[in-house]
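Have a look at the structure below, then the notes.
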Amino acid sequence: MDTRTLHALELQRVLAYLAGFAVSEAGFRTCLNLRPLRRQDFPDGTDGTAAFPAVLRREAELFEQGRLFIARSGCVLTPFVAVDGLLNAAAAPNYAPDADDLFALRGLLLQGKEKVAAVLDCPAAPEPGWPLWVERCPAGSMPVKTLSGLSRCFSDDGLIRDEASPGLAAVRGELRALHRRCINKVKDYVAEYNIMHFLQDEFMTLSSDRYVLPLKSNFKGRLQGVVHGYSRTGETCRFEPLFLVEVNNRLQRLKQEEREEERKILRMLGDLLKDELPGIGAVYRFLRDLDVLCARIALAECYDGRMADFAEDRGFLLRSARHPLLLLESSPAARAALRRTEQCLIDAGRGPEASAEQDRAAAPAPPGAPAAVVPSDIELPPERRALIISGGNAGGKTVCLKSAGLIALMSLCSLPVPVAAGSVMPPWRNIRAFIGDAQSLEEHVSTFTAQIERLARIWPELSDADLILLDEFGAGTDPSQGAALAQALVDALTENGVRVMAATHFPELKAYALTTPGARAASMLFDPKSNKPLFRLVYDQVGASRALDVAREHGLPEAVLRRAEQYMLPGVDDSAALIERLNSLAAAKAEEVAALGRERAELAEKKRKAREEAAAERSRLFEHLRTEARKVLDEWKAGRAGHKQTLKELARLRKAVNAGSEGGAEPAARAPVDLAALEPRARVRHVPWKRLGTVLEIDERKQRLRLDFDGVSLWAEAADIELADGNAPSARNAAGRSAQRPKAFFSVPYAPVSLDIRGEHADTALSGLGRFLDGAVTDGRAEVEIIHGRGTGVLRREVHAFLRTFPAVRSFRLAPEDRGGDGMTIVEL
């Protein structure tokens with residue numbers, strides 16, 4: 001992208017807002033220096049697959065996964081120093097490590113370790129998580145030795161610990177002992193000679209690594225010693241008594257040994273740093289990328305931004321697009337971020353002497369920014385190559401062009417943009433904006449000639465992956481020739497496959513947009529009553545320029561306007577009235593569409609609330625019934641309720657579940673089923689479960705029948721059965737029947753039909769068997785299978801003894817030989 005386009009569309013100002021959200025100098029610089037990805041840097045594969053769209057989609061996915069990670073983990077970055085200089089210096093052979101640099105590196109590596117662990121350990125279910133960020137984690141190249149050494153050698157206040165080396169610990173121990181001896185000697189000396197009134201203060205201090213006393217200057221000749229200097233006022237001198245000379249000499253030697261030990265430690269840490277330099281760089285880049293990610297997320301929150309999609313063959317569609325800068329200028333958080341950027345640029349010495357680009361980035365927000373920004377759908381289908389926008393002055397044509405261009409640039413920078421879901425654009429190779437006044441006295445060019453010269457320069461580079469934005473091209477010359485040149489230019493560009501978006505006042509270009517295949521007309525609407533712009537974009541019609549109305553609105557004398565009306569050519573009024581009528585109809589249509597949209601949104605919100613309330617009520621009801629059912633089963637297991645009483649209570653709860661699932665509505669009356677007319681293997685419908693089943697047995701005396709549901713059988717009352725339709729179940733139901741199971745009455749996990757306990761110890765097997773039978777009773781099963789194997793028969797005997805004492809077992813028997821023989825027991829409940 002050329003510099004003029006970046007300036008015209010004000011990308012650098014967006015980056016200034018973005019940089020203000022960064023917490024580190026590295027992230028700040030990276031945000032300010034972001035540039036659109038270039039298609040030529042990602043050549044297509046040898047098989048013809050386009051690499052650039054995949055790169056852009058991967059960057060978008062990286063942002064979305066990062067946003068999910070930040071939301072789920074609550075990850076917050078703290079400021080960390082830029083270590084680019086340290087890394088470059090450490091790569092040199094004569095590197096001399098500095099304690100301040102190493103301490104700063106310690107904080108960076110500690111935060112990097114914490115954030116890497118957060119990426120790898122934070123749960124993301126049920127979503128797929130953030131695999132792209134897991135790939136970026138330098139988990140395998142963490143500088144473990146360097147981090148361990150820095151943590152052991154440096155304290156939290158940036159000083160080298162005594163424990164960093166045995167030699168340093170010994171030297172500092174001697175220094176502390178020497179300090180105590182000095183204090184005692186000074187106290188004894190002051191007390192012996194009664195010189196407290198000679199001293200300015202009651203404490204001893206250090207001067208050039210020597211202990212001295214703060215002696216009043218007028219007493220310096222009264223004592224023997226060395227004067228090492230005076231205070232700023234001259235009233236106090238730093239006096240070293242003779243009895244401290246030998247002690248101070250020893251102090252000097254110990255201080256020298258301390259510095260030498262510290263240098264050894266720093267050299268050792270420097271060697272570790274050199275050995276793990278690639279890993280340190282990887283951690284630094286990872287933190288910088290996280291900082292930029294957090295800045296992008298904060299930017300998106302200012303205008304509810306999202307990533308646009310890229311596709312070669314879906315045209316250009318921005319749903320509910322809004323100009324990013326208009327939204328940022330009305331956001332308090334964004335304005336605060338911009339002020340931080342301005343301050344950082346001033347502190348870095350780039351304020352008054354900054355380049356024009358930096359000045360533009362740090363400029364204050366223009367006054368009068370609108371509080372609400374009207375969204376527009378900017379659409380150019382794949383079969384169209386040119387969009388010609390017309391309409392009145394100050395109606396939003398240029399803003400529409402700038403919105404499309406800036407959103408495209410931001411998307412190529414992998415930044416979230418203020419559009420709705422479903423927005424898509426081609427993977428642009430170049431975006432060229434001819435917007436604004438390009439005249440220059442120094443270069444001796446007018447606006448028109450500057451545009452022509454620039455077009456001539458870029459003409460050989462144009463391709464079908466380019467977007468050209470033309471704002472009133474040709475307006476700087478004769479109107480008829482300018483209109484003809486504009487039409488010819490759009491023709492030539494579209495013939496070369498270039499997509500064009502142009503704003504114009506030329507009637508000829510408006511007619512061209514309506515009549516030329518491959519071109520599309522659009523208009524910015526005005527309120528027909530107030531003559532004020534609505535900032536809404538409508539398609540397949542043209543708009544009047546409304547120059548006189550705009551001039552009247554902005555205070556031009558009425559006499560001038562009446563004379564202008566006299567000078568207008570005949571027929572202009574008629575065409576203007578026709579366009580005005582079309583504008584009124586389009587405005588009314590747009591208002592109706594907006595009202596329908598609001599009504600649809602309200603209905604959707606009501607429907608969502610109703611679903612949530614119904615789900616909450618259903619959950620409450622079933623939770624209550626589940627609790628009651630567990631109480632009934634506990635009573636039965638404890639022997640406080642009989643078998644029949646338990647079954648009656650469970651039946652009552654089952655009816656309550658059915659009533660709750662039907663929302664309390666009374667079921668429609670059904671004709672009773674004639675059990676005598678039914679035959680085994682007949683298909684019937686079990687109403688409470690709303691499932692088709694196969695009849696296995698019929699008990700006319702008790703008016704019930706046993707049904708099979710894909711391998712699961714139960715006894716059902718005749719009142720709960722109705723005849724199935726003659727038609728066969730649909731293919732979808734038939735395909736899904738094997739995968740579905742009837743839900744338990746009490747929302748407990750469904751137990752399997754058989755239990756395999758072969759090879760288990762008797763105690764373990766019987767414990768599992770008890771739980772299995774409890775689940776079978778809860779699910780209303782009539783028969784289950786216990787697979788215990790043949791073996792020595794010990795496990796079979798233990799199982800049979802257990803079944804004889806289990807209250808829910810009606811009977812049990814060994815299976816026929818074709819089903820397992822004495823290796824399996826069939827239990828009837």
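The values are calculated or read from the model by the stated rules, or taken from the named source; none is laboratory data. Just so it is clear, the structure is predicted and the values come from calculations on it, not from any experiment. Ideal geometry is used to build each Cβ from the backbone, glycine not excepted, and the neighbour counts take in all protein chains shown. For the accessible areas, the whole protein counts, side chains as well, though only heavy atoms, and no ligand, DNA or RNA atoms are used. Shrake-Rupley method; radii C 1.70, N 1.55, O 1.52, S 1.80 Å.
What to note about this one:
- Set side by side, the residues V226, V171 differ, and just one is surrounded by 13 or more Cβ atoms within 10 Å (Cβ to Cβ) and touching a residue at least 60 places away in the same chain (Cβ under 8 Å), which is V171.
- Residue list for the stretch 771-821, restricted to those being assigned to a helix (DSSP H, G or I) and β-branched (V, I, T): V777, T778, V794, V799, T805
- Residue in the stretch 161-178 that is under 60 Å from the mean Cα position of the chain (by Cα), in a loop (DSSP other than H, G, I, E, B) and modelled with pLDDT of 90 or more present: yes
- Long-range neighbours under 6 Å by Cβ, at least six apart or interchain, first residue in contact (Cβ under 8 Å) with a residue 60 or more places away in the chain within the stretch 622-643, second of a type outside the set (G, A, S) and in a loop (DSSP other than H, G, I, E, B): R626/F746; A629/F746
- Members of the stretch 689-722 found to be in contact with a helix residue (DSSP H, G or I) (Cβ under 7 Å, 6 or more places away or on another chain) and open to solvent by 30 Å² or more (accessible area, probe 1.4 Å), listed by number: I698, E700, Q703, R704, D710
To keep it simple, each residue is scored yes or no on (1) within 30 Å of F526 (Cβ to Cβ); (2) exposed (fewer than 10 other Cβ atoms within 10 Å of the Cβ); (3) modelled with pLDDT under 80.
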residue	(1), (2), (3)
L578	yes, no, yes
A588	yes, no, yes
A594	yes, no, yes
A601	yes, no, no
R608	no, no, no
E612	no, no, no
F622	no, no, yes
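- In the stretch 229-252, residue modelled with the lowest pLDDT [restricted to those that are in contact with a strand residue (DSSP E or B) (Cβ under 6 Å, 6 or more places away or on another chain) and open to solvent by 60 Å² or more (accessible area, probe 1.4 Å)]: L242
- Selection status of E817, charged (D, E, K, R) and either closer than 20 Å to R771 by Cβ or in contact with a Leu (Cβ under 9 Å, 6 or more places away or on another chain) (or both): no
- Within the option set D188, D201, being assigned to a helix (DSSP H, G or I) and either aromatic (F, W, Y) or open to solvent by 50 Å² or more (accessible area, probe 1.4 Å) (or both) holds for one residue only, D188.
- Residue, farthest from the chain's Cα centre (by Cα), within the stretch 768-802, restricted to residues that are open to solvent by 60 Å² or more (accessible area, probe 1.4 Å) and charged (D, E, K, R): R797
- Residue within the stretch 404-411 that is part of a loop (DSSP other than H, G, I, E, B), farther than 20 Å from G497 by Cβ and not hydrophobic (A, V, I, L, M, F, W, C) present: no
- Failed item, numbered, when D725 is tested on (1) farther than 26 Å from G639 by Cα; (2) at pLDDT 85 or above; (3) open to solvent by 20 Å² or more (accessible area, probe 1.4 Å): (2)
- For T805: the one exception among (1) exposed (fewer than 14 other Cβ atoms within 10 Å of the Cβ); (2) of a type in the set (V, I, T); (3) at pLDDT below 85: (3)
- One residue from P742, P680 being under 20 Å from A808 (Cβ atoms) and at pLDDT below 85: P742
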